[in-house]
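Read the structure below first, then the notes.
The values are calculated or read from the model by the stated rules, or taken from the named source; none is laboratory data. All values reported here derive from a predicted model rather than from experimental measurement. Backbone-built Cβ (ideal geometry, glycine too); neighbour counts: all protein chains shown.
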């Protein structure tokens, strides 16, 4: 059973760390428009662009920090479990990791839904960036990792 825990700790560490980093360094979503004869333009939203537009993005920044913070919490728990396998963190610590990684997934999915609705209303082409996918995939895999560690 010890080998399975090493895999869960290692997988949880990699997924949560990469997901948290992607949320902070990459774009959440982007879009572009083209007007015949006048050219085209594009825009994007993410933590870096929210920092550049700080007064206008005061409500978005805490969501990015909460989403990445939840995944960083899971990565610290996984790292502590890898370092000290004889005395792993308690079940309550894993349960908090499950909740925080689920919160990350919910924030990313709701944000993606809001972006999609807005872009459909504005009739713009859009895509999801690395922050969205890192948050969703990293959050789901971190949730699974924390759940299996909690259950054991």
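Under the condition of being exposed (fewer than 15 other Cβ atoms within 10 Å of the Cβ) and at pLDDT below 90, the residues counted in region 125-152 number 3. Of note, residue 50 satisfies the criterion of being under 28 Å from residue 99 (Cα atoms) and without any contact (Cβ under 8 Å) to a residue 24 or more places away in the chain. Between 61, 24, the distinction of being touching a residue at least 12 places away in the same chain (Cβ under 8 Å), at negative phi and surrounded by fewer than 16 Cβ atoms within 10 Å (Cβ to Cβ) belongs to 61 only.
Restrict the check to region 126-136 and report whether at least one residue is within 19 Å of residue 81 (Cβ to Cβ), in a helix (DSSP H, G or I) and within 12 Å of the chain's Cα centre (by Cα). No, region 126-136 contains no residue that is within 19 Å of residue 81 (Cβ to Cβ), in a helix (DSSP H, G or I) and within 12 Å of the chain's Cα centre (by Cα).
Among all residues of region 98-105, there is at least one that is surrounded by fewer than 19 Cβ atoms within 10 Å (Cβ to Cβ) and within 13 Å of the chain's Cα centre (by Cα). If you filter region 84-97 down to residues that are surrounded by fewer than 16 Cβ atoms within 10 Å (Cβ to Cβ) and modelled with pLDDT under 90, you find that the one that is farthest from the chain's Cα centre (by Cα) is 86.
Would you say residue 67 is buried (at least 16 other Cβ atoms within 10 Å of the Cβ), at pLDDT 85 or above and farther than 19 Å from residue 98 by Cα? Judged against the criteria, residue 67 is not a match.
Close contacts from region 71-87, counting a first residue that is free of Cβ contacts under 8 Å to residues at least 24 places away in the same chain and a second that is surrounded by 16 or more Cβ atoms within 10 Å (Cβ to Cβ) and outside any helix (DSSP H, G or I), with Cβ to Cβ under 8 Å and a gap of 6+ residues or different chains, come to 80/88; 80/89.
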